[in-house]
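Structure record follows, encoded as structure tokens.
Quick note: the coordinates plus some simple rules give every number you see, no bench work behind them. Here the structure is a predicted model, which is why all the values come from computation and not from measurement. In this analysis, Cβ positions are derived from the backbone assuming ideal geometry, glycine residues included, and neighbour counts consider all displayed protein chains.
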Amino acid sequence: MTLEAVLLVGGQGTRLRPLTIATPKPMLAVAGVPLLTHQLARLAAAGVTHAVLGTSYQAHVFADHFGDGSALGLELEYVTEADPLGTGGGIRNVADRLRAGPDDPVLVLNGDVLSGHSLRTQLAEHRRVGATVTLHLVEVTDARAFGCVPLDADGRVTAFLEKMDAPVTNLINAGCYVFTRRLIDDIPCGRPVSVERETFPALVAAGARVQGYVESAYWLDLGTPAAFVTGSADLVTGKVPSPALPGPAGDYLVLPGAAVAADSALTGGSSVGRGCRVEEGAWIDRSVLLDGAAIGGGSLVRSSIVGRRSTVGDGCVLTDAVLGDDVIVGAGNELLAGIRLFPGAVLDEGAVRFSSDLA
Ligand code: GTP
């Protein structure tokens, strides 16, 4: 039987702006390749042979990069929503490309999640209980920032609860589902639908078997800059294994065509993209340099993302900073605590300084 997957990749990725202005979130390079490549490689390794991408925002970028999918050992198709249809609408919109029979399982994944859980075991759990849909759930230490998903003793989902101050459980929806094919056909057609807010709660209310599959393997939603940096570092160091990592796991990853000065330091799972330049005495710690970025001598770049072709002058300090593409930061700037520079921004030499002003 063909095992199929649907990937939801149509979101605007607003929390990751300005990086997502030019590149949709699932196509941002994480540890050297698009985030989506890590997911597709995992799907192929789990036995998926046919995957359909539900696209909307910057739809052409996906097909331009992955083509027919053969390089990953997959058959890939693309379906584009003219107007975003949300998660449920996006799944329904690809239904006519699926080949699974009405009772067969179809994997459905959010395109921005990095997960080390066992897709095969999740599928096995779905089949074992004869569920309509089986959701991967993860346990977090503090669920207040998420909707939570309580289960009964048999692992059935009993409710989908919105964010609250005192969550009744620390289990949250991890964004990877096994749908029974017929459920996909039952989602209303041609209008926005949220699976989280509409489809799943309605199934629970109707008494359908909505199963929770709890596996607390590595899991991270890469939707924010902080999570993006963490996810990239965890891939580079091998904390979360990926068949798509373009090099051995280690303290850093340097892609072909990058020039890194011998007396610079790369630490904490940093990733240095194609054609990047890191000059003498620079220290790149737990950061992502996208293709063509350049870091001047003696600069410190920590927990930051530097966009494509952006240049950072000598003696700068970047901490928790996000630079879009083609930014120019003059020498001696200090960019701290979540600062974001939009594509093409230019900062003159020494324009932003903190610590020296306090001295
Ligand atoms: P933010 O704007 O930062 O919240 O990011 P996002 O737009 O990606 O939204 P969110 O993280 O909630 O989306 C979860 C997943 O669903 C992501 O993989 C999105 O690409 C995808 N997604 C969200 N909305 C749509 C949509 O309307 N259509 C499709 N096809 N996918 C969507």
Check: Taking amide hydrogens as modeled 1.01 Å from N in the peptide plane, which residues meet the under 5 Å criterion relative to Leu318, leaving out close sequence neighbours?
Finding: Leu300, Val301, Arg302, Leu335
Notebook entry, point to check: Roughly how tilted is helix 119-129, in degrees to the nearest 10 and between 0 and 90, from the longest Cα axis of the chain?
Noted result: 20
Check: Dividing the Cα convex hull volume of the chain by residue count, how many Å³ per residue is that?
Finding: 136
Next item on the list: Please give the FRET efficiency for His60 paired with Ala206, using the beta carbon to beta carbon distance and R0 = 35 Å, rounded to the nearest 0.05.
Entry: 0.35
Check: So what's the stretch 251-358 giving for Rg/Rh, alpha carbon basis, Kirkwood Rh from the mean inverse pair distance?
Finding: 0.94
Notebook entry, point to check: In µm²/s, what is D for the stretch 125-244 at 37 °C and 0.692 mPa s, where D = kT/(6 pi eta Rh) by Stokes-Einstein and Rh is the Kirkwood radius from Cα pairs?
Noted result: 209
Notebook entry, point to check: Each residue of the stretch 313-328 in turn: what ³J(HN,Hα) in whole Hz from Karplus with 6.51, -1.76, 1.60 and θ = phi - 60°, glycine and Pro shown as x?
Noted result: x, 5, x, 8, 10, 10, 9, 6, 9, 10, 10, x, 6, 6, 8, 10
Note to self: Taking 8 Å as the Cα distance limit and 6 or more residues as the minimum spacing, I'd like the relative contact order of the chain as a percentage.
What the structure shows: 14
Notebook entry, point to check: With point charges of +1 on the Cβ of Lys and Arg and -1 on the Cβ of Asp and Glu, referenced to the Cα centre of the chain, which listed residue (Ala143, Ala5, Ala259) lies farthest in the positive direction of the dipole?
Noted result: Ala5
Notebook entry, point to check: Taking the DSSP beta bridges in the chain as the whole, what percent of them are antiparallel, to the nearest 5?
Noted result: 25
Notebook entry, point to check: Quick one: helix 35-45 against the long Cα principal axis of the chain, what's the angle to the nearest 10°, folded into 0 to 90?
Noted result: 50
Note to self: Based on alpha-carbon centroids, what's the gap between the stretch 340-355 and the stretch 94-152 in Å, whole number please?
What the structure shows: 43
Check: What is the fewest-to-most order of Arg353, Arg302 by other Cβ atoms lying within 10 Å of their Cβ?
Finding: Arg353, Arg302
Item checked: Sequence of Cys189, Cys148 once ranked by neighbouring C-beta atoms within 10 Å, starting from the fewest -> Cys189, Cys148
Check: Amide H to amide H under 5 Å from Arg308: which residues, 5+ apart in sequence or cross-chain, H placed 1.01 Å off N in plane?
Finding: Asp325, Asp326
Checklist line | Under 5 Å, built H, 5+ apart or other chain: amide partners of His50 | finding: Leu3, Ala5, Glu75
Next item on the list: Pop out the ³J(HN,Hα) list for the stretch 112-118 in order, Karplus 6.51 cos²θ - 1.76 cosθ + 1.60 with θ = phi - 60°, rounded to Hz; leave Gly and Pro as x.
Entry: 10, 10, 10, 9, x, 6, 8
Item checked: Spin-label zone in the stretch 287-302 - amide nitrogen under 20 Å from a point set 7 Å from the Cα of Glu349 along the C-beta vector -> 294-300
Margin query: Can you sort Lys163, Lys239, Lys25 from fewest to most other Cβ atoms within 10 Å of each residue's own Cβ?
Written below: Lys163, Lys239, Lys25
Margin query: To test your reading of the geometry: what angle, between 0 and 90 degrees and rounded to tens, separates the Cα axis of helix 225-237 from the longest principal axis of the chain?
Written below: 90
Check: Using a Gaussian network model of the chain with C-alpha springs under 10 Å, which one of Ser216, Ser310, Ser271 is most mobile by mean-square fluctuation?
Finding: Ser216
Checklist line | For the chain, the longest site-free run once GluC sites (Glu not before Pro) in DSSP loop states with at most 13 other Cβ atoms within 10 Å are removed | finding: 1-161
Check: What is the calculated FRET efficiency for Ala71 to Arg182, with r their C-beta to C-beta distance and R₀ = 45 Å, to the nearest 0.05?
Finding: 0.85
